[in-house]
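Report on one structure; see the data block that follows.
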Amino acid sequence: MEGYIHSTESFGTVDGPGIRFVVFFQGCPMRCQYCHNPDTWKMRAGEKRTVESLLDEYDGLKEFLKSGGITATGGEPLMQIEFVTELFREAKKRGIHTCLDSSGIMFSESKKAQYDELMKYTDLIMLDIKHIDDEEHKKLTGHSNKNILAFAEYTRDMNKELWIRHVVVPDITLNEEYLRRLGYFIGGLNNLKALDVLPYHTMGVVKYEQLGMDYPLKGTEPATKEQAVWAKNIIFEGLKERLRDENRKREK
């Protein structure tokens, strides 16, 4: 089996635990306004690679990757779910830790059997929740967030370790109501192990210019670290509120 791969990174340090071999998959249905990898959007682009060639590349680096593993990211790797499943299946045979970095946009109940198979070989899921409000999510990405939130709950039901990432963008997601609602939602995910709140940056602007594309958030100022810290605190307030509500339900 072959997959469309945009690129690989040998020593990833922000794509899961430890030092990791990161595989960037080609193809993504979403058009996030702050996306810094628009060159991964097209599906049948990039380089055709086999599972064996990717694992051979990993093997050449494995002495440096003992504390890490393989991360499938993109683009949206679940546009090529069969290839990701085979990659992770073969990786687990070699004792390699596997991490899926996804937006969850491709999830649906009709494909649950495929996801169940993938989960057998997945150690960690890193899920990007772009916006908790469905209508605002459509404005930001061009898609509803319903599949994404359903995927988050699916990972809970499968008892898979989950890390949530959320980008705070001034005038879009840097909003107390939305942040509190996000916290309330993730408070219902008992498989949540980490939360990364990331300040929006403009480093992708250069790539848009190189591709001859207009940058959708032109003029939007980067978020500060202080704003990200504030946002994370608000999210945690919402999370704690959910936990209090759940405790009250159990006590009745």
Strands (runs of 3 or more DSSP E) lying entirely in the stretch 7-98 (those with 2 or more residues that are more than 15 Å from the chain's Cα centre (by Cα) and buried (at least 16 other Cβ atoms within 10 Å of the Cβ)): 20-25
Hits in the stretch 207-224 (condition: at pLDDT 95 or above and exposed (fewer than 11 other Cβ atoms within 10 Å of the Cβ)): none
Residue match in the stretch 140-147 (condition: touching a residue at least 60 places away in the same chain (Cβ under 8 Å) and surrounded by fewer than 16 Cβ atoms within 10 Å (Cβ to Cβ)): yes
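For the structure I just gave you, tell me whether Asp59 is charged (D, E, K, R) and over 25 Å from Tyr154 (Cα atoms).
Values: charged (D, E, K, R): yes; over 25 Å from Tyr154 (Cα atoms): yes.
Yes.
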Selection status of Gly188, among the small types (Gly, Ala, Ser), assigned to a helix (DSSP H, G or I) and touching a helix residue (DSSP H, G or I) at 6+ places or on another chain (Cβ under 8 Å): no
Residues satisfying the stated conditions in the stretch 122-154, i.e. touching a Cys at 6+ places or on another chain (Cβ under 6 Å) and assigned to a helix (DSSP H, G or I): Thr141
Residue match in the stretch 119-126 (condition: of a type in the set (D, E, K, R) and at pLDDT 95 or above): yes
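The values are calculated or read from the model by the stated rules, or taken from the named source; none is laboratory data. Predicted model only: the values in this text are computed from it and were never measured. Note: ideal-geometry Cβ built from the backbone for every residue, glycine included; neighbour counts use all protein chains shown.
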